[in-house]
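Scroll down for the structure; my scribbles are underneath it.
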Amino acid sequence: MDNIKMTVNHLPSLTWNRLGVNQAAVAAEVKHTTAAAFTAKGTPAVTTKAMKAAEASAYADSLTKGIRRENFIAGKTSIYQNQTFATGLGREFTEYLDQNTDVVLVYSVEAGVHASSPMVLNWDYGKGADNVSQQVIVLGENAEASFVMTSTSEKEAGGIAALGTKVVLGKGAKLHLYKVNLLGRDFLHLDDTGAVIEEGAELDFIQMELGAAKTYAGCYADECGKEAKLSIRTGYALSGDDLLDLNYVTAQFEKKTESVIDVKGVLADRSQKVFRGTIDFRNGSAGSKGDEQEDVLLLDDTVVNKTVPVILCEEEDVDGRHGATIGRLSEDILFYLGTRGIGEKEAERLMLRGRLESIARLIPDLDTVRGIEAAVEAYGDEE
C-alpha cells in the first residue's frame, strides 16, 4: 500500500479558491503492514466473482454505455471528464485504488431476482491496520438487493481505511446500500462511491460517519435512464479535532429523474465539516426533480462548518431545491432539560440520537445498528 498524496472531492462548478471548498487535499503515510480482516455474510441471491483490478475497472467502464461527460463546467475543465466511471472522490483516488488493490470483488444479482436478506460486508481493523478494498455491484433488470458495509476497529486504533464501490443498476433495479464508519479515533477514512442508474432504477444510499479522525467521502451518480431515482441520506457525529469532507454529485440526464440528498449531523469542540452537494440537471432532463437539505447542530463556537449547495441547470422544466438548517441548542432547551435532571452532555446525546435514529433504524443488520447506538452513547467522552 503506497503513501497517500492526492486531491479529492472536487466541486464540479468551481467557486472562489479563497473559500477552500473547491477540492480537498489528502496526505498520509502508511504505517501498518497488516490489513483489515474481511468477512462477508452472504445471501444465495448474490453471486461473487474475484477479478484483478484492471479487469474489474474495464468491466465497470463497459457498463456505463457511453455516458456523455462534460469537458467544461463554468469555464473550467471538469475533473470528472477523465473518469469513464465517475466517482465522488474523483480520478486520483480511483487510480490509487487500482494501483493498490490486487483483487476486486464483483457482486451480481440476476435479472428479476429479489434478495430476501442483506449482503453484510465488514472490515475489522482491530488495533490498527492499513487497508484498500474495491467492490463492483451489478443488479440486472428488475432485481433488488441490500448491501451493508461496515468498517470497525478498537476505539483507540489508527490507520488508513480506503474503500471504493462502483454500482450499476439495470432497468427497474433497486439497490439499498448502507455504509457505516465505526473506526477508531486516529483513522484516516476514504470512502468513494460511483453509480450508474438506468431507466426506472433506484439507488437508496445511506451513509453513517461516526468514527475516524479524518474522513473524505463522496458519491457521484449518473441518472442516465428515464425516471431513475437517487436518495442519499447521511448522518454524522464529530467531536475533538475530527474532520469530515463530503462530496455528493448527481447528474440527471433523462426525463422525470429524481434525486434527494439529506444530510444530518452534529459538530462539537474543534471539529470541522465541509459538505458539497451538487444537483446537475443536464439537457434532456425535463420534468426532473432534485432536493438537497442539511440539518447541522453546532455545539461549540470553535467548530467550523462549510456547506456548499449547488444546482446546475440546462433545462427549464425542472424542480430544483436546496436548503440548510444550522444552529445551536438554545439556553431555553438546556434549562428545560436541566429541570428534568438531564445534563448538558446527555442533552447533546439526545439531540444526536434524534438526528441519527431515523436513519440508523433503516439498516437491515442488527449488529450494525447496535454499533451505531454504542457510538452515539459514547459521543464526546474523549473530551
Theoretical gain in end-to-end length, T302 to D2 [0.36 nm per residue, Cα-Cα removed]: 104.6 nm
V46 accessible area, 1.4 Å probe, all protein chains in place, Å² to nearest 10: 20
Backbone N within region 275-294 under 15 Å of label point (7 Å from I326 Cα along the Cβ vector): 275-277, 293-294
Lys, Arg +1 and Asp, Glu -1 on Cβ, resulting dipole of the chain about Cα centre, debye, nearest 20: 420
Net charge contributed by nearby residues that have their C-beta within less than 11 Å of A27 (K/R +1, D/E -1): +1
Efficiency of FRET between A35 and N82 - r from beta-carbon atoms, R0 30 angstrom, step 0.05: 0.55
Long pairs among K229/K273; K65/K174; K49/K127, criterion Cα-Cα beyond 22 Å: K229/K273; K49/K127
For region 1-149: rounded, prolate or oblate by the Cα gyration tensor [a/c cutoff 1.5]: oblate
Debye equation applied to the C-alpha atoms of the chain, log10 I(q)/I(0) at 0.09 Å⁻¹: -0.49
Shape category assigned to region 81-239 from the gyration tensor of Cα positions, a/c cut at 1.5: prolate
Protection proxy ranking, peptides 163-173, 107-117, average beta carbon neighbours within 10 Å, highest first: 163-173, 107-117
Relative contact order [Cα under 8 Å, 6+ residues apart], the chain, whole percent: 12
Additional length obtainable on full extension of the chain from D186 to A28, 0.36 nm per residue less Cα span: 55.7 nm
Modelled FRET efficiency - R0 25 Å, K127 with L362, Cβ distances, 0.05 increments: 0.20
The chain, helix-only ellipticity at 222 nm - DSSP H runs n ≥ 4, -39,500 (n - 2.57), divided by all residues, nearest 500: -4500 deg cm²/dmol
Carbon/sulfur fraction of accessible area - region 1-45, other protein chains in place, 1.4 Å, %: 51
Amide hydrogen neighbours beyond the local backbone of I137, cut-off 5 Å, H modeled: Y107, K166, V167, V168
Share of carbon and sulfur in the accessible heavy-atom surface of region 278-319 [1.4 Å probe, %]: 43
Options Q207, Q23, S57, ranked by Cα towards positive dipole end of the chain, top entry (Cβ charges): S57
Accessible surface ranking that places the most exposed of R355, R321, R233, R282 first, with a 1.4 angstrom probe: R321, R233, R355, R282
Rounded to the nearest 20 debye, dipole of region 142-217 from Cβ charges on Lys, Arg, Asp, Glu: 100
In nm, spacing of pseudo-spin labels at S117 and A58 (7 Å Cα→C-beta vector): 3.6
Cβ crowding within 10 Å averaged over residues, with 260-268, 309-317 ranked highest first: 260-268, 309-317
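The values are calculated or read from the model by the stated rules, or taken from the named source; none is laboratory data. Note that the coordinates shown come from a computational prediction; the quantities given were computed from them, not determined experimentally. Don't worry about glycine lacking a Cβ; one is built from the backbone with ideal geometry, like all the others, and counts go over all protein chains shown. Note: accessible area is taken over every heavy atom of the protein model, side chains too, but ligands, DNA and RNA are not part of it. Shrake-Rupley method; radii C 1.70, N 1.55, O 1.52, S 1.80 Å.
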